[in-house]
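Okay, so here's the structure we're looking at.
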Amino acid sequence: MPGAALRRVAEAIDAGRDVLDVARQEIERVDGLPPSVLGRLYELEERRLRWQAAAQEIAERRAREGLPALPDALLREVPAPTSLEALDRAARLAPSATAIELREYVAIWEACLQLARRDGELRITAAVEDAAALAEFEELLGRAEAPAVLPAHRWLAARRGERVGALRLAFRWPIDAMLDRIRAVTLKLSRDEAGRTPEQLCELLVLRNLEEALRRHLDERAEGEALAAAASAYAALFRIPPVTATRLGAIFFGRGPRPVSWVVVDGGGAAGESGTDAGVADGWATALVARLQAAGIEVLVLPANSPAVDRLRDVERAAEGKVPTVRIPTAAMREAKAALTGRDLELPSSQAAALILARRALDPVGMFSAVDPASLGLAEYQHDLDPERVGRYLRTARGLAELEAQRAVAAKAAGKGTPVDGVPAARAPTPPGGVPPTEPLGPLLALPLSTIRSIDDLRPGMILQGTVTTLTQFGAFVNLGLRQEGLVHVSEMADHRVAQAADVVRPGQQVRVRVIDVDRNRNRISLSLRLQDTRGARSPAAGTRAKAAVLRELDKLFKK
């Protein structure tokens, strides 16, 4: 990679320039870095800046206390801010230590931190006796896990429980293994250790700062994973194919006993006839679909999910075989309605929501771009993250993807082909050995909607039609027309390895799924996009282990 380009990027970040501003400049240069690479470099450069800030803080603190500066060459060898702090502590504990000896102290810290991540334990217990305060965190109580395998969503939930005073988080350290590590290098340490036992050194160098460092590590990891998953889900919204129609209808369902609202719009998104139906009379759904057909609609837009599950099912059954339906995510409705102008402001709230759905179907990119990405609620446990950072991260991810697409189009026009990965796909890929998720259902494969009325009707092996509602880091939730949504784990999306759900499906997409497992006691449905298990024969033991591993991962997701 050209050194000049790397220097330009480093200087831009040091100057505080926005990544999208730099990306737009780079895309115009012959030797410019592609946006996909630039985004990764920015992450690395931001990490370097955090290291730089930590090193500067240590230098200023030592200067105030009249201590000698740490050697620059030694500082540059230390990779992380927590290790810089360990180097500072070591220099204070062993003032006469050489650079070689100080390296051993830092190595002790890093080895003990790794042991804490791998062999330590986080135990979550109740901090109060109030059952109402603990209800939200019931699935976390009594858990004990190694920090290295603790899922990001569980850590965020535990941290929230601790902040509100409901949970107590306690770490247990593998002290014996840490002491063994210290004893193994005692002869390599400074002579300052002559009067200090391994237990004392462990306390002073490691234990006093270990919990703070591990918490910081878990916070950063959880935030990074949540933001990456949110960016993937955000990008998937812009892969929703726009509907082409001269007239379409949209229906929005209110909560509980609230009525059903509908609107008819033209191909440009202008609202025409609209109304509200109580949704309680016999045959109301059939009558509403007939009324919309009489208005000349070519497509019926429905919400991707709705708390009014039974009413949504009624409309789906009434429309089946009469008018095509598409499902559109309902996130950030309040923000979208706040942007309405002119005569649209005169519509009642639920009719305005139906109008938003119709316009999102016609122009997904424009409509989802019009709302603050943070308001879409795409990040898991988003209320535990800085909303400004979430919005900025998502806007940056989308901007880089758009620039990458522009670059690919320009390269293709110039006869060079697509230069790098990262261009959003026009449609979801087909899993090898399977069927495209958007392929229409065959009459012999899919059970009719009327056959499945509750979770009790489900059996492993059933093939059903559903709608993708939400993408997460580990999979996709699918609405089957029941009160409980099912989960397709990423390991069940294709015969090959899938890095993220957005590589295969998108919100609002119609999919065929196979029921893997039904846990009626906990209202959990495990699904697969692989309509037949084409992974090949495995030994019974291997199959059992693999199934257990997947179910454990599914359990982690459901226990958010």
Restricting attention to the range 297-319, the residues that are over 22 Å from Ile240 (Cβ atoms), surrounded by fewer than 19 Cβ atoms within 10 Å (Cβ to Cβ) and either of a type in the set (Asp, Glu) or modelled with pLDDT of 95 or more (or both) number exactly 1
Only one of Val264, Val326, Val289, Val280 is at pLDDT 95 or above, outside any helix (DSSP H, G or I) and not aromatic (Phe, Trp, Tyr), namely Val264
Only unsatisfied item for Ala97, checking (1) within 22 Å of Leu189 (Cα to Cα); (2) within 28 Å of the chain's Cα centre (by Cα), is (2)
Per the filter on the range 107-135, residues buried (at least 21 other Cβ atoms within 10 Å of the Cβ) and within 26 Å of Leu187 (Cα to Cα) are Ile108, Trp109, Cys112, Leu113, Ala116
If you go through Pro424, Pro431, the only one that is surrounded by fewer than 17 Cβ atoms within 10 Å (Cβ to Cβ), part of a loop (DSSP other than H, G, I, E, B), modelled with pLDDT under 50 and outside the structural domain of Ala304 (by TED's automatic domain parsing) is Pro424
* For Gly269, indicate whether it is surrounded by 14 or more Cβ atoms within 10 Å (Cβ to Cβ), in contact with a helix residue (DSSP H, G or I) (Cβ under 7 Å, 6 or more places away or on another chain) and of a type in the set (Gly, Ala, Ser). => yes
Of the residues in the range 91-109, those that are over 15 Å from Leu201 (Cβ atoms) and in a helix (DSSP H, G or I) come to Ala99, Ile100, Arg103
Those residues of the range 502-560 which are modelled with pLDDT of 50 or more, of a type in the set (Gly, Ala, Ser) and in a helix (DSSP H, G or I) amount to Ala502
The residue from Leu179, Leu189, Leu169, Leu210 that alone is in contact with a helix residue (DSSP H, G or I) (Cβ under 8 Å, 6 or more places away or on another chain), touching a residue at least 40 places away in the same chain (Cβ under 8 Å) and closer than 15 Å to Glu110 by Cα is Leu210
Note on the range 460-496: residues of a type in the set (Ser, Thr, Tyr) and either in a strand (DSSP E or B) or touching a Phe, Trp or Tyr at 6+ places or on another chain (Cβ under 7 Å) (or both) are Thr467, Thr469, Thr470, Thr472
Residue set Leu394, Leu378; condition touching a Pro at 6+ places or on another chain (Cβ under 6 Å), buried (at least 22 other Cβ atoms within 10 Å of the Cβ) and not assigned by TED's automatic domain parsing to the domain that holds Val263; output residue Leu394
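Taking the range 129-149 as the region of interest, how many residues are assigned to a loop (DSSP other than H, G, I, E, B) and either hydroxyl-bearing (Ser, Thr, Tyr) or within 17 Å of Arg118 (Cβ to Cβ) (or both)?
Residues meeting the conditions: 1.
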Among Leu227, Leu214, Leu218, Leu312, the single one that is under 30 Å from Gly39 (Cα atoms), in contact with a Gly (Cβ under 8 Å, 6 or more places away or on another chain) and either of a type in the set (A, V, I, L, M, F, W, C) or part of a helix (DSSP H, G or I) (or both) is Leu214
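The values are calculated or read from the model by the stated rules, or taken from the named source; none is laboratory data. Note that the coordinates shown come from a computational prediction; the quantities given were computed from them, not determined experimentally. Please note: Cβ atoms are built from the backbone with ideal geometry, for glycine as well, and neighbour counts cover all protein chains shown.
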